[in-house]
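Structure, as structure tokens:
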Amino acid sequence: MFSLKPSFLEPLHMEYQYLLAAIVSSTMLIIFILYSLEAKRKMRTSSFIYHNACHMGSVNVVEKEVDGETDIIVVGAGVAGSALAYTLGKDGRRVQVIERDLSEPDRIVGELLQPGGYLKLIELGLEDCVNEIDAQRIYGYALYKDGKSTRTPYPLENFPPDVAGRSFHNGRFIQRMRGKAASLPNVRLEQGTVTSLLEENGTVKGVSYKTKSGQELLATAPLTIVCDGCFSNLRRSLCNPKVEIPSCFVGLVLENCNLPHANHGHVILADPSPILFYPISSNEIRCLVDVPGQKVPSVGNGEMARYLKSVVAPQIPPELYDAFIAAIDKGNIRTMPNRSMPASPHPTPGALLMGDAFNMRHPLTGGGMTVALSDIVLLRNLLRPLRNLNDSTSLCKYLESFYTLRKPMASTINTLAGALYKVFCASPDPARKEMRDACFDYLSLGGVFTNGPTSLLSGLNSRPSSLVVHFFAVAVYGVGRLLIPFPTPRRLWIGARLISGATAIIFPIIKAEGVRQMFFPVTVPAYYRAPPVHLHA
């Protein structure tokens, strides 16, 4: 492994280079903000009309209503639902959790928890859930491109030794979380399929669900929190879902081999798109091959195996080649669409969305669980002063602050995931190729150039402004590589297109996240919303 430092930088002082990048990036950011605020103002009226045109779904007729009082219903017991149920139950809430399948999940994502997510796990009192499941500590990433490699460690110097990323079998982690939630006497965890929300005069009163035996029941509570994952059939009642599927992951498990850099995630900037490796146990390594588009080669007829051997295998590190081929021959090849969905809620009395049902991003950076756990900490803190949840209208108005307060952390991780995926994908466009090369070399420089982006990726830095500055610093760095030592008309043209392409990558993502809430949350009235006094009783 080595750190790549292009020769043209040698005459320049590092401080001068970074100052130049910061000045140019900050200027572009100010121009973008002014433009976006004006666009946001023009869109406000049409967005308000659309928001008020949405309505709740109908309620099914059921045979029996569940007895007993419940404060909060949680739909789904994945990472978000289980952590939420435990957190609310620990605060004394009476919680009913309804999960479609309580057997151990078997997924190919949700296996890497970033250090920022682990800190949230500690804050929730759930850090022991990564114990006794053969979880592996992760201390950073190794990047590979065209035979070159570099390492980007997490900036953990100021944290206790236990703070690091964790990777594991997703199902084992979820079962530990479910066990913690079910251990509380005021949390009731049951298996059932929620079919609809119960709505009365625009307020959600609970859910209708079917038990494992097929019995149809009602469950009612002042607050229903929907955490039923990426395949949620309830989200359309509570938000405006705009789900994109930019690619699919093809998953394999490599056995009895060692990663070139122990306790690190490995990202190969391959053609056509990235390949990921990270440990999920002491003797298993997860491989995720990104395949752009919504269609992948068929697994059943052997087309996928041929694709992996002919296109993917030649691009992976030689230390992993034999294990990769063996995993293909073993035949346990899994596929899963990668979904991206900005949070676009309809504030609805009596209901709230959380987790992947509410907000998704490309899983390249492994930020999903960090966002979910951060949201749970925030919601817990908002609900703690309240003992009475029965005034659904007042509660809904108060909880609008949740959507604003979550934005800096969630939007930073969401934007980074979408932007990095587009930068890391191969392209025949010379400007896109220069941006990809510049990103790899920028991360190889060390110091603030490595620590800055890595702190954003790890969830340790939730400032959107830092993300924008580093993103455009990469673009300026790429232009500098083109213009030094001798700018030519062709290089000038590619440099201009590089800046234009960078803008086209990141600005639409930021616009979808919401410029005002992302960069200026203190200007949103809901940011200051205090809990209603009459809900304290």
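The values are calculated or read from the model by the stated rules, or taken from the named source; none is laboratory data. The model shown is predicted, which means the values in this text are computed figures rather than measured ones. As a convention, Cβ positions derive from the backbone with ideal geometry for all residues, glycine included, and neighbour counts pool all protein chains shown. Side chains are part of the model used for accessible areas, which takes the heavy atoms of the whole protein and leaves out ligands, DNA and RNA. Shrake-Rupley method; radii C 1.70, N 1.55, O 1.52, S 1.80 Å.
Using R0 = 35 Å, the C-beta based FRET efficiency linking residue 211 and residue 139 works out to 0.20.
At 15 Å minimum axial length over the Cα atoms and a Kyte-Doolittle cut of 0.0, report the qualifying DSSP H helices in the chain, or say none. Result, helices passing both filters: 14-53, 79-90, 318-330, 368-383, 392-405, 407-424, 464-483, 489-513. Dipole size of the chain about its Cα centre, with +1 on Lys/Arg Cβ and -1 on Asp/Glu Cβ: approximately 1320 debye, rounded to the nearest 20. Place +1 on the Cβ of every Lys and Arg and -1 on the Cβ of every Asp and Glu in segment 245-340, take the dipole about the Cα centre, and give the residue among 292, 261, 320 whose Cα lies farthest towards its positive end. Positive-end residue among those listed: 292. A 1.4 Å probe, protein heavy atoms only, puts the accessible area of residue 82 near 0 Å². Rounded to the nearest 20 debye, the dipole size of segment 245-340 about its Cα centre is 320 debye, using +1 on the Cβ of Lys and Arg and -1 on the Cβ of Asp and Glu. For segment 245-340, the relative contact order works out to 42 percent when only alpha carbon pairs closer than 8 Å and six or more residues apart are counted. Positive end of the dipole of the chain (Cβ unit charges, origin at the Cα centre): among 424, 304, 97, the Cα lying farthest that way belongs to 424. A simple spin-label model places the labels of residue 127 and residue 426 4.3 nm from each other, with each point 7 Å out along Cα-to-Cβ.
Full extension of the chain segment joining residue 384 with residue 322 gains 17.0 nm, where the gain is 0.36 nm per residue of separation less the Cα-Cα distance. Put simply, the C-alpha atoms of segment 414-521 give a gyration tensor, and the ellipsoid matching it has half-axes of 24, 16, 12 Å, longest first.
Restriction of the chymotrypsin sites (Phe, Trp or Tyr not before Pro) in segment 478-537 to DSSP coil positions whose beta-carbon has at most 14 other beta-carbons within 10 angstrom yields no sites. Rolling a 1.4 Å probe over the protein heavy atoms of the chain, with every protein chain left in place, gives an accessible area that is 55 percent carbon and sulfur.
Which longest run of the chain has no exposed loop site in it, a site being GluC sites (Glu not before Pro) in a DSSP loop with at most 15 other beta carbons within 10 Å, and the site itself not part of the run? Maximal segment without exposed cleavage sites: 158-537. May I ask what percent, to the nearest 5, of DSSP beta bridges between residues of the chain are antiparallel? Close to 70 percent. Probing with 1.4 Å while keeping every protein chain in the model, the per residue accessible area of the chain equals 42 Å². Taking other residues whose beta carbon is less than 13 angstrom from the beta carbon of residue 335, and scoring Lys, Arg as +1 and Asp, Glu as -1, yields +1.
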